[in-house]
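To keep things clear, I will list the structure first and then write my remarks on it.
What follows is calculated from the coordinates using simple rules that are stated; it is not laboratory data. Model, not experiment: these values are computed from the prediction. Here Cβ is always computed from backbone atoms with ideal geometry, including for glycine, and neighbour counts include all displayed protein chains.
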Amino acid sequence: MTRCYNFCAGPAALPVPVLERARDEMLNWHGAGLSIMEMSHRSTEVMGVAARAESALRELMGVSDDYAVLFLQGGASTQFSAVPLNLLGEDGVADYVNTGQWSKKAIAEAKRFGAVNVAASSEDAKFSTIPPREDWKLSDNAAYLHYTPNETIGGVEYFWVPEVDAPLVVDMSSTILSRPVNVADYGVIYAGAQKNIGPAGLTLVIVRRDLLGKADAKCPAMLNWQKAADNDSMYNTPPTFALYLAGLVFDWLQECGGLAAMEVINRRKAQKLYAAIDDSPFYANPVEIPSRSLMNVPFTLANDALDKQFLAEADAAGLLNLKGHRSVGGMRASIYNAVGEDAVDTLIAFMNDFEQRNG
Ligand SMILES: *Cc1c(COP(=O)(O)O)cnc(C)c1O
């Protein structure tokens with residue numbers, strides 16, 4: 001069997017050992033005589049899977065007991081609404097930093113629920129930079145400051161944590177688990193699972209407990225973090241199979257040496273790919289160097305008339321899903337944890353060869 005290299009931005013590549021283990025356990029989970037996805041979410045088995053996934057994640061990321069870990073549904077996009085509904089209050093104001101398409105969506109949703117101040121934006125720079133902290137125009141007494149540590153579409157990543165008084169609320173969908181973070185720097189971390197956690201259908205929210213219990217009276221029960229925390233993320237039926245797979249991914253990450261070990265590999269992968277782009281007159285990446293994403297690497301060809309040919313030949317070579325987001329065009333290689341260094345090496349060799357033949 002040949003597996004292709006998958007550079008999809010999401011749902012993204014999953015580690016082969018995780019898929020193999022899920023395959024082996026599919027019909028008869030740990031001798032139970034049925035698959036994990038056929039069991040009640042209230043069963044000892046599934047409650048155990050959920051509890052182990054939570055403790056593995058806490059260990060990987062260093063999440064203290066001051067934080068609740070919630071496994072929810074609806075994707076990061078649902079959290080765009082849940083964040084203001086849980087934190088903004090009647091007369092509150094929230095600060096947002098706009099660094100790309102995902103920030104914009106978060107801002108648009110928050111505006112439905114209350115006052116939003118866009119403290120800074122890099123839209124005029126076509127989202128190729130992060131506005132320097134000293135230029136941010138913060139509100140007095142903001143309920144929170146929201147930003148997107150990694151913009152999946154533009155390929156722009158923060159390698160610093162903003163110092164502000166308000167709690168930081170971050171959409172970490174495409175950078176979570178790619179390197180260690182200091183959880184204590186944040187009020188709320190949320191992420192859709194389908195980039196670096198597991199399959200689609202699961203949403204992770206890590207929330208400092210003192211930020212619970214502030215939800216608007218109109219906040220739907222399904223979006224209320226306090227309710228989720230009170231019910232161990234089982235207020236309703238959780239996505240049990242996705243949660244099980246996420247648990248396997250967390251175990252795999254532990255076996256790889258944890259997030260510090262992943263960071264070493266991820267930096268090496270990204271550094272190689274950016275070097276290949278920068279060393280060539282044929283390829284280009286528009287992002288300012290200090291803010292280049294480790295996970296999502298957009299690049300353009302010198303002649304966009306060659307885009308289709310590039311993608312077709314890449315496909316034929318087993319390098320899949322390199323098409324850039326429709327809003328920016330060109331190519332994008334998403335090189336999450338499960339995309340190995342061999343995948344990046346093969347991509348670079350292909351790019352060099354393509355340039356030789358067409359440059
Ligand atoms: C993929 C992504 C989203 C959207 O996630 P869904 O789970 O599809 O709602 C939001 N923010 C970022 C940064 C993303 O990468």
query: Can you pull out the trypsin sites (Lys or Arg not before Pro) in segment 182-250 that DSSP calls coil and that have at most 10 other Cβ atoms within 10 Å?
result: K218
message: Tell me the relative contact order for segment 84-149 as a rounded percent, counting alpha carbon contacts under 8 Å between residues six or more apart.
response: 45
task: Calculate the translational D of the chain in whole µm² s⁻¹ from Stokes-Einstein, where the hydrodynamic radius comes from the Kirkwood formula applied to all Cα pairs, the temperature is 37 °C and the viscosity 0.692 mPa s.
output: 155
Reference-scaled alpha-carbon Rg (2.2 N^0.38 Å with N residues) for segment 1-83: 1.36
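Using 0.36 nm per residue, how much length does the chain from D65 to V183 gain when fully extended, once their Cα-Cα distance is taken away?
Numbers: separation 118, 0.36 × 118 = 42.48 nm, distance 1.12 nm.
Length gained between D65 and V183: 41.4 nm.
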field: Label-point separation in nm, D124 to E263, each point 7 Å along Cα→Cβ
entry: 3.4
task: Could you list which residues have their amide H under 5 Å from that of V118, counting only those 5 or more apart in sequence or on another chain, with H placed in the peptide plane?
output: Y96
message: For the pair A108/A316, report the inter-label distance in nm, with labels modelled 7 Å from Cα in the Cβ direction.
response: 3.8
Cα-Cα over 21 Å, subset of K111/K214; K111/K137; K105/K126; K195/K227; K105/K227: K195/K227; K105/K227
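Restricting the count to DSSP beta bridges whose residues both fall in segment 17-255, what percent are antiparallel, rounded to a multiple of 5? Don't jump to the answer; show the numbers that get you there.
Values: 13 of 27 bridges.
So the antiparallel bridges in segment 17-255 amount to around 50 percent.
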- prompt: What FRET efficiency do you get for E341 and S77 if R0 is 35 Å and r is their Cβ-Cβ distance, rounded to the nearest 0.05?
  reply: 0.65
- prompt: Across segment 48-59, in residue order, what do the Karplus-derived ³J(HN,Hα) couplings come to in whole Hz, using 6.51 cos²θ - 1.76 cosθ + 1.60 with θ = phi - 60° and x for Gly and Pro?
  reply: x, 4, 5, 5, 5, 4, 4, 5, 5, 5, 4, 5
- prompt: Taking 0.36 nm per residue of separation and subtracting the Cα-Cα distance, what length does fully extending E163 through M37 add?
  reply: 41.1 nm
- prompt: Applying the Karplus parametrisation 6.51 cos²θ - 1.76 cosθ + 1.60 with θ = phi - 60° to the phi angles of segment 12-19, what ³J(HN,Hα) value in whole Hz is obtained for each residue in order, glycine and proline being reported as x?
  reply: 10, 4, 10, x, 4, x, 5, 5
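With only Lys, Arg, Asp and Glu charged, each at its Cβ (+1 for the first two, -1 for the last two), find how big the charge dipole of the chain is about the Cα centre; round to the nearest 20 debye. All intermediate terms of the calculation are to be shown ahead of the outcome.
Numbers: 30 positive and 43 negative charges, 125 e Å.
The calculation lands at about 600 debye.
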query: Averaged over all directions, how much area does the convex hull of the C-alpha atoms of segment 258-358 cover when projected, in nm²?
result: 6.4
Computed over segment 161-314: relative contact order in percent, which uses C-alpha pairs under 8 Å that are six or more apart: 17
field: Relative exposure of I206, I289, judged by other C-beta atoms within 10 Å (fewest first)
entry: I289, I206
statement: In cubic angstrom per residue, the convex hull of segment 203-332 built on its Cα atoms measures 204
